[in-house]
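Novice: Take this structure, written in C-alpha cells, and hold onto it; I'll ask about it next.
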Amino acid sequence: YQEAILHFEQLGKLGIQLGLVRIERLLKCMGNPHHKLKFIHVAGTNGKGSTNAFISSVLREQGYTVFSYISPSLDQYLDRFLINGQPIKKNIFELVMPKVIDIAKNIKQTSLGHPTIFEMEVACSYLLAQYFNADFMIQETGLGGRLDATNAISSPLITIITSISKDHLNILGDTLEKIAKEKAGIIKYQRPVILYDNGELNTIFIDKAKELEAPLQIVNFSNIQDTSTLTLTSFSYYNQNYNLGLHGTHQVKNGFVALMTLFQLRKEGYS
C-alpha cells in the first residue's frame, strides 16, 4: 500500500492530461473490465456527489451491491473506492492496484507515455467493482466529460447531467456553453439521460441526445414542493413525501434528480 502511494506521489508531476487513448490502452491490457459492469455515469459541476449518494443509498437498501469511485478523497485515500458506501480495505487495494501499476509502466515505454494517477485509479476501480461482483458502478467524471478518463464507458445504464456552472475555465472553456458541450460528451447512443434543468443550456444536451438517439428527460422542478423544515430536508412529489439524509435546500433538487434516475432504473427492469 505504501509503495503504491509513494509511486503516485512520484507521478504527481504528470498532472491533468485529458484524452481517452491511454485509458483505453490500459483497460484493454487489463481485459476491458468495464465492459462487464453496469454504469450510472454522472457529469456536472455541482451536485454529483450528493446525487450519487442518494442513488447509492436507495440501491443498497434494496439489496444491490454498489461500487463507487470518487476523486478526490473526502478524508483518507481509500475513501475514493467505496463498496456499499464503505471504503475498501488496504489488503483488497493491494490485490488489485499493483497489477494496474505494472501495466501502466509497460505503457510508459510506448509513445502514449505513462497513464496519469486518475487514469490508473479509474482502471483500478473497475477491477475492484468486478472483484466485489457489483450490481451497479456509480462513476463520476473527474473533469468535464468528453475527454475525461471515465468516458471510456461505452454504454452506461443511465447518464446523469447535474447542475452546470463555470469550472476549470482554462481547460473546459471560458463560457457555460463550452463547458456544457464538454459535459454532454458522456451522452451515449440510445442510452437514457437524466438532465438537471439547466435553463438555456438544455438545448446543448437536447441536441446531443437527438444526435445519439438517446432518450432524454429534463427534470422538471416545478413538479415538486419543498417541504423542508429547520431540522429536515424533504420534498413532496405527487403526494408522496421524500425525506433526505443530506441537509440544505439545494439538496432538494439533487434528491429529485436521484429519484428520477431511480424511476428510470425501474423502467430498465430493476426493482
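Novice: Please list, ordered by first then second residue, the pairs with beta carbon atoms under 8 Å, 6 or more apart or interchain, first in the stretch 1-18 and of a type in the set (Ser, Thr, Tyr), second assigned to a helix (DSSP H, G or I).
Specialist: Going by the 8 Å Cβ cut-off, the qualifying pairs are 1/90; 1/93; 1/94.
Novice: Looking only at the stretch 47-77, which residues are polar (S, T, N, Q), open to solvent by 20 Å² or more (accessible area, probe 1.4 Å) and within 12 Å of the chain's Cα centre (by Cα)?
Specialist: Taking the stretch 47-77 first, the residues polar (S, T, N, Q) are 50-52, 56-57, 62, 65, 68, 71, 73, 76.
Next cut, open to solvent by 20 Å² or more (accessible area, probe 1.4 Å) only: 50, 57, 62, 65, 71, 73, 76.
If the condition is that a residue be polar (S, T, N, Q), open to solvent by 20 Å² or more (accessible area, probe 1.4 Å) and within 12 Å of the chain's Cα centre (by Cα), then 50, 71 are the ones that fit.
Novice: Related question: With the stretch 186-243 as the region, which strands (runs of 3 or more DSSP E) entirely inside it contain at least 1 residues that are farther than 22 Å from residue 40 by Cα? Walk me through it before giving the result.
Specialist: Working: elements: 193-196, 216-219, 224-226, 233-237.
Output list reads 224-226, 233-237.
Novice: Also, I was wondering about something else. Kindly provide the set of residues from the stretch 261-271 that are surrounded by fewer than 21 Cβ atoms within 10 Å (Cβ to Cβ) and either small (Gly, Ala, Ser) or within 13 Å of residue 192 (Cα to Cα) (or both), ordered by number.
Specialist: If we filter the stretch 261-271 for residues that are surrounded by fewer than 21 Cβ atoms within 10 Å (Cβ to Cβ), which is where we start, we get 262-264, 266-271.
If the condition is that a residue be surrounded by fewer than 21 Cβ atoms within 10 Å (Cβ to Cβ) and either small (Gly, Ala, Ser) or within 13 Å of residue 192 (Cα to Cα) (or both), then 262, 263, 264, 266, 267, 268, 269, 271 are the ones that fit.
Novice: Additional query: Only one of 249, 231 is open to solvent by 90 Å² or more (accessible area, probe 1.4 Å), hydroxyl-bearing (Ser, Thr, Tyr) and farther than 20 Å from residue 164 by Cα; which? Please lay out each step first, then the result.
Specialist: On the way: 249 fails: farther than 20 Å from residue 164 by Cα.
So the residue among 249, 231 that is open to solvent by 90 Å² or more (accessible area, probe 1.4 Å), hydroxyl-bearing (Ser, Thr, Tyr) and farther than 20 Å from residue 164 by Cα is 231.
Novice: Here's another thing I want to ask about it. Going through the stretch 109-143 one residue at a time, which ones are in contact with an Asp or Glu (Cβ under 9 Å, 6 or more places away or on another chain) and not in a helix (DSSP H, G or I)?
Specialist: Matches in the stretch 109-143: 141, 142, 143.
Novice: Do we find that residue 146 is touching a Pro at 6+ places or on another chain (Cβ under 8 Å), in a loop (DSSP other than H, G, I, E, B) and either in contact (Cβ under 8 Å) with a residue 24 or more places away in the chain or closer than 17 Å to residue 257 by Cβ (or both) in this structure?
Specialist: Values: touching a Pro at 6+ places or on another chain (Cβ under 8 Å): no; in a loop (DSSP other than H, G, I, E, B): yes; either in contact (Cβ under 8 Å) with a residue 24 or more places away in the chain or closer than 17 Å to residue 257 by Cβ (or both): yes.
The answer is no for residue 146.
Novice: Can you confirm whether residue 31 is in a loop (DSSP other than H, G, I, E, B) and among the small types (Gly, Ala, Ser)?
Specialist: yes
Novice: Identify, please: which residue in the stretch 1-28 is part of a helix (DSSP H, G or I) and of a type in the set (Gly, Ala, Ser) and is, among those, surrounded by the most Cβ atoms within 10 Å (Cβ to Cβ)? If you could, list the steps in order and put the result at the bottom.
Specialist: Keep residues of the stretch 1-28 that are part of a helix (DSSP H, G or I), which gives 2-14, 21-28.
After this cut, where a residue has to be of a type in the set (Gly, Ala, Ser) as well, the list is 4, 12.
Values: 4: 19, 12: 9.
Looking at residues that are part of a helix (DSSP H, G or I) and of a type in the set (Gly, Ala, Ser), I get 4.
The values are calculated or read from the model by the stated rules, or taken from the named source; none is laboratory data. Computed from a prediction, not measured in an experiment: that's the story for all the values here. Quick reminder, even Gly has a Cβ in these numbers, built from the backbone with ideal geometry, and neighbours come from all protein chains shown. Just so you know, the surface numbers come from the protein's heavy atoms only, side chains and all, with ligands and any DNA or RNA stripped out. Shrake-Rupley method; radii C 1.70, N 1.55, O 1.52, S 1.80 Å.
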